[in-house]
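First up is the structure itself, then whatever we jot down about it.
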Amino acid sequence: MPRAERGRGWARWSRRLLALLLALPVLAALGAWLTLRASLPQLEGTRHAPLLSAPVTVARDADGVPVISSANRLDLAYATGFVHGQERFFQMDLLRRSAAGELAELFGPRALPLDRAHRLHRFRARAAEVLARMAPSERSFIDRYAAGVNDGLEALAARPFEYLLNGAAPRPWTAADSLLVVWAMYFDLQGNQEPRELARGWLAGHLDPAQRAFLLPEGSRWDAPLDAPALPPAPVPMPPTAPAWWGRKDAVPARQLAGIGFTDAVGSNNYALAGSRTASRAAIVSDDMHLGLQLPNIWYRLALRFPDERGEQRRVVGVSLPGAPPLVIVGSNGRVAWAFTNSYADTLDLVRLQQDPSRAGQVRLPSGWETPAAHPETILVKGQPAERLVVRETSLGPIRSAGGTLYAVHWVAHSPDALNLNHLKLESAVTLDDALAAAASDGIPAQNIVIGDARGNIGWTVAGALPRRSQGGTAVSFPLAAEGTPPTWDGFLAPSAHPRVVNPAGGQLVTANSRQLAGAEAEVLGDAGFDLGARTRQLSEHLAQLGPKADVAAVFGAALDDRALYMADWRRRALVALDDAAVAGHPQRLEFRRLLQTSWDGHASVGSVGYRLAQQFRWSLHDLLFAGVNAEMKALDPKATVPAATTRWSDVVARLLDERPAAWLPAGYASWQALELAAVDRTIAEVTRDGANRPVPLAQATWGRKNTATIAHPFTMAMPFLARWLGAPPDALPGDANMPRVAGPRFGQSERLTVSPGREEEGLFDMPGGQSGHPLSPFFLKGHEDWVQGRARPLLPGKAAYTLTFSK
């Protein structure tokens with residue numbers, strides 16, 4: 001072959017090889033895209049389901065919100081499981097693994113600290129006991145849901161995309177896993193009780209009685225209880241001396257210790273207006289549960305249609321929790337509507353245990369000496385050998401160590417009676433009384449529930465298990481002595497003994513995690529970390545101003561109230577401190593004062609510099625006064641801090657700044673104003689650096705710059721480059737703690753729902769994420785922009801755009 005022809009041949013092959021090399025990335029990307037698409041759920045068509053007794057339809061609207069219809073509730077459980085399994089399986093997997101202490105199997109050694117902490121409670125083993133005690137009808141209900149989940153998972157053409165990224169295989173769903181999801185909510189809603197008691201125990205050991213009463217108040221002027229206009233005034237005398245650790249300057253870190261990171265934000269608003277206050281004469285119920293925000297959103301919207309036991313066609317609309325038993329957690333059944341907030345009832349005690357060298361292996365409880373049972377637990381770890389953990393358990397609960405002391409963790413969640421399916425009774429409740437009775441027996445973490453019915457009645461009680469105590473209140477909010485004084489709880493309070501408030505004179509009920517009651521029944525609930533009360537009072541006063549003919553839209557809007565009523569006093573204090581002498585020769589302080597005056601619109605608005613400066617000024621004072629004690633308490637538990645011990649810490653600081661007692665002025669400051677100016681300077685240093693430590697002009701340090709959403713799929717923590725596809729936009733969010741519109745970068749209103757029972761077509765709703773957990777789904781972020789802007793969407797699903805039918 002001539003040389004020229006050989007050259008042309010090599011050129012052709014070179015071009016082909018180059019084309020192939022260039023095509024490989026394209027083919028790989030196409031293959032990845034096709035594989036990802038293969039894990040999208042089935043939206044249309046017909047599926048054969050032998051377990052069903054009758055056909056079921058899943059009719060989704062353009063937002064992916066389904067109406068699931070069937071001839072009976074058991075078949076609906078299957079179909080709900082199928083939909084959850086296809087849309088949200090990885091989310092469900094994380095919840096069950098979190099509760100069971102099994103995350104390291106997916107994520108390796110970095111998940112071991114959380115696994116060890118949660119495995120202490122042995123909830124997977126406890127699930128077997130709860131299932132064994134279930135009535136056959138309840139067990140069938142939860143088994144049918146599990147079957148639906150697994151059939152939905154198997155029906156995907158490829159496993160969910162998270163497992164493709166992780167290299168793991170999804171494990172089938174079981175009835176026990178659904179109970180674990182409920183225990184995951186116990187951790188979320190009551191998991192701070194342990195560090196809180198440890199923090200309060202540390203403080204009790206480092207304060208005299210007068211200091212303890214002053215620094216750990218039981219209420220404040222902000223509280224708005226349900227059974228009284230306010231708490232009875234109980235002024236605590238100013239102690240003559242401050243504690244030794246007070247305001248230690250050597251312990252203050254260079255950057256903020258706590259910051260505006262929602263360490264003082266506790267979750268949820270719910271409220272109801274009676275028919276006497278509404279244009280329709282039916283009650284209006286509203287709810288926005290404040291939780292950690294990520295994608296997919298924790299809730300899954302749906303409507304269920306089925307005939308009840310009387311043969312009457314029912315429609316229940318609201319939100320479900322994927323993985324949990326297939327119930328409508330918050331919603332309306334056409335006769336009654338219900339909504340939750342965390343009650344912060346005291347459901348956990350840490351009981352000190354004594355040891356004696358002469359009694360090897362034994363511990364002393366209030367009831368006497370015991371030999372704890374030893375339960376070996378194996379924690380599987382991705383990429384490493386399994387870890388063995390031995391859990392020692394007493395008659396009061398498992399043993400944990402903190403600061404060299406052993407404690408029995410006596411928690412309501414450990415009892416097999418703490419979980420049940422009585423929430424189903426809310427779906428069939430017809431009257432307020434029916435719903436209140438069902439709620440009090442519900443097997444969920446103790447929640448404030450407000451209920452309204454179509455006749456205009458409203459009521460409040462605590463749903464879920466409450467411990468029965470012979471002594472309650474704040475006396476048991478500290479670690480308890482091994483001698484049993486005061487005693488720990490013994491059994492559960494009878495549902496009929498749960499406190500209630502029904503049809504109050506003002507025609508409204510509001511709970512927002514603060515103290516619910518002013519009277520004697522407050523002792524029944526105790527205090528496991530009530531919020532300050534500013535949010536409750538602001539919401540209560542807002543609703544009172546709606547007058548006698550409120551409608552659903554006005555009630556929905558109350559949850560979006562971002563007025564800075566609480567922060568106004570902190571702005572005032574900062575301005576008083578920044579007098580002419582304080583700003584002379586300090587241009588940054590002068591600018592600080594100018595911005596407090598001019599960039600303040602009375603709201604936690606995204607463009608307000610003044611709001612951010614006032615908020616950070618409050619937190620800077622926290623750091624200057626409490627950094628030392630926080631550092632020591634964190635040796636007991638990473639979450640043990642002053643804000644954990646009392647959400648009212650800033651009320652205490654406010655009183656000190658207003659009264660200026662010389663005995664409480666921290667060492668190293670010439671005056672209280674000097675302390676305030678140190679907080680101003682600290683605030684300036686903090687807000688003029690961004691998260692990457694780059695300089696930011698003070699005039700550009702807006703609240704929105706700080707309060708920017710970082711709502712994303714959990715995988716982005718390990719793979720941040722995926723945030724573009726697995727995250728929501730970095731929206732600047734209005735709102736903050738201590739106001740109804742709670743909003744933080746990763747914490748806030750996980751849904752907003754307002755409905756009048758029997759008039760669901762007027763109901764309004766939004767949530768921060770869409771229905772699907774799949775980034776290629778058109779439903780992944782559907783509705784997110786409306787949630788950011790506070791625009792309400794209809795509660796009921798719209799016209800069917802996709803219909804999936806299950807045949808027997």
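Summary of computed values
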{"item": "All strands (runs of 3 or more DSSP E) inside segment 332-437 with 2 or more residues being open to solvent by less than 60 Å² (accessible area, probe 1.4 Å) and among the acidic types (Asp, Glu)", "result": "384-394"}
{"item": "Residue selected from segment 109-137 under the condition over 30 Å from Gln384 (Cβ atoms) and part of a helix (DSSP H, G or I), by the criterion most open to solvent (accessible area, probe 1.4 Å)", "result": "Arg133"}
{"item": "Selection count, segment 322-331, where residues are open to solvent by less than 10 Å² (accessible area, probe 1.4 Å) and within 17 Å of the chain's Cα centre (by Cα)", "result": "4"}
{"item": "Residue match in segment 793-808 (condition: touching a helix residue (DSSP H, G or I) at 6+ places or on another chain (Cβ under 7 Å), buried (at least 18 other Cβ atoms within 10 Å of the Cβ) and either small (Gly, Ala, Ser) or at pLDDT below 95 (or both))", "result": "no"}
{"item": "Test for Val642: is it of a type in the set (Val, Ile, Thr), touching a residue at least 24 places away in the same chain (Cβ under 8 Å) and buried (at least 22 other Cβ atoms within 10 Å of the Cβ)", "result": "yes"}
{"item": "Segment 659-678, residues that are assigned to a helix (DSSP H, G or I), open to solvent by 10 Å² or more (accessible area, probe 1.4 Å) and in contact (Cβ under 8 Å) with a residue 40 or more places away in the chain", "result": "Glu659, Ala663, Gln673, Leu677, Ala678"}
{"item": "Residue among Pro495, Pro467 that is open to solvent by 10 Å² or more (accessible area, probe 1.4 Å) and either among the β-branched types (Val, Ile, Thr) or modelled with pLDDT of 95 or more (or both)", "result": "Pro495"}
{"item": "Among (1) in a helix (DSSP H, G or I); (2) of a type in the set (A, V, I, L, M); (3) under 29 Å from the mean Cα position of the chain (by Cα), the one test that Ala581 misses", "result": "(3)"}
{"item": "Options Ser98, Ser39, Ser70: the member that is in contact with a Phe, Trp or Tyr (Cβ under 9 Å, 6 or more places away or on another chain), modelled with pLDDT under 95 and surrounded by 13 or more Cβ atoms within 10 Å (Cβ to Cβ)", "result": "Ser39"}
{"item": "Odd one out for Gly459 among (1) over 26 Å from Gly334 (Cα atoms); (2) touching a strand residue (DSSP E or B) at 6+ places or on another chain (Cβ under 9 Å)", "result": "(1)"}
{"item": "Test for Asp601: is it under 25 Å from Lys706 (Cα atoms) and either in a helix (DSSP H, G or I) or within 25 Å of the chain's Cα centre (by Cα) (or both)", "result": "no"}
{"item": "Whichever residue in segment 59-93 is of a type in the set (Gly, Ala, Ser) and within 13 Å of Leu804 (Cα to Cα) and, among such residues, is nearest to the chain's Cα centre (by Cα)", "result": "Gly64"}
{"item": "Tally, over segment 176-233, of residues that are among the small types (Gly, Ala, Ser) and more than 29 Å from Ile451 (Cβ to Cβ)", "result": "7"}
{"item": "Matching residues in segment 567-585 - criterion: being closer than 30 Å to His542 by Cβ and open to solvent by 10 Å² or more (accessible area, probe 1.4 Å)", "result": "Ala568, Asp569, Arg571, Arg572, Arg573, Leu575, Val576"}
{"item": "Count - residues of segment 297-322 that are closer than 23 Å to Pro714 by Cα and either out of contact with any Phe, Trp or Tyr (no Cβ under 8 Å at 6 or more places or on another chain) or outside any loop (DSSP other than H, G, I, E, B) (or both)", "result": "7"}
{"item": "Trp338 vs. criteria out of contact with any Phe, Trp or Tyr (no Cβ under 7 Å at 6 or more places or on another chain), among the hydrophobic types (A, V, I, L, M, F, W, C) and more than 30 Å from Arg752 (Cα to Cα)", "result": "no"}
{"item": "Conditions (1) surrounded by fewer than 24 Cβ atoms within 10 Å (Cβ to Cβ); (2) part of a helix (DSSP H, G or I); (3) of a type outside the set (Asp, Glu): number failed by Thr80", "result": "(1)"}
{"item": "Residue match in segment 154-166 (condition: closer than 18 Å to Asp417 by Cα and crowded, with 22+ Cβ neighbours inside 10 Å)", "result": "no"}
{"item": "Tally, over segment 438-461, of residues that are touching a residue at least 60 places away in the same chain (Cβ under 8 Å), within 22 Å of Leu180 (Cα to Cα) and surrounded by fewer than 24 Cβ atoms within 10 Å (Cβ to Cβ)", "result": "2"}
{"item": "Where Phe530 falls short, out of the listed (1) touching a helix residue (DSSP H, G or I) at 6+ places or on another chain (Cβ under 8 Å); (2) buried (at least 23 other Cβ atoms within 10 Å of the Cβ); (3) not in a helix (DSSP H, G or I)", "result": "(1)"}
{"item": "Residue match in segment 262-282 (condition: crowded, with 24+ Cβ neighbours inside 10 Å, touching a Phe, Trp or Tyr at 6+ places or on another chain (Cβ under 8 Å), among the polar types (S, T, N, Q) and at pLDDT 95 or above)", "result": "yes"}
{"item": "Residue satisfying condition, being at pLDDT 95 or above, more than 19 Å from the chain's Cα centre (by Cα) and open to solvent by 40 Å² or more (accessible area, probe 1.4 Å), within set Pro720, Pro729", "result": "Pro729"}
{"item": "Subset tally (residues that are closer than 18 Å to Ala520 by Cβ, part of a loop (DSSP other than H, G, I, E, B) and open to solvent by 10 Å² or more (accessible area, probe 1.4 Å)) for segment 473-488", "result": "1"}
{"item": "Ala28 modelled with pLDDT under 95, outside any strand (DSSP E or B), open to solvent by 50 Å² or more (accessible area, probe 1.4 Å) and under 29 Å from Pro778 (Cα atoms)", "result": "yes"}
{"item": "Matching entry among Gly484, Gly472 (being within 16 Å of Tyr344 (Cβ to Cβ) and not β-branched (Val, Ile, Thr))", "result": "Gly472"}
{"item": "Test set (1) closer than 30 Å to Leu120 by Cβ; (2) modelled with pLDDT under 95 - Leu103 fails condition number", "result": "(2)"}
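Conditions tested, residue by residue: (1) open to solvent by 10 Å² or more (accessible area, probe 1.4 Å); (2) without any contact (Cβ under 8 Å) to a residue 40 or more places away in the chain; (3) more than 24 Å from Arg752 (Cβ to Cβ).
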{"residue": "Ala512", "(1), (2), (3)": "no, no, no"}
{"residue": "Leu546", "(1), (2), (3)": "yes, no, no"}
{"residue": "Ala553", "(1), (2), (3)": "yes, no, no"}
{"residue": "Pro587", "(1), (2), (3)": "yes, yes, yes"}
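The values are calculated or read from the model by the stated rules, or taken from the named source; none is laboratory data. On a predicted model such as this, the values are computed, not experimentally measured, just so you know. Reconstructed Cβ throughout: ideal geometry from the backbone, glycine too, with neighbour counts over all protein chains shown. These area figures cover heavy atoms from the full protein model, side chains too; ligands, DNA and RNA do not enter into them. Shrake-Rupley method; radii C 1.70, N 1.55, O 1.52, S 1.80 Å.
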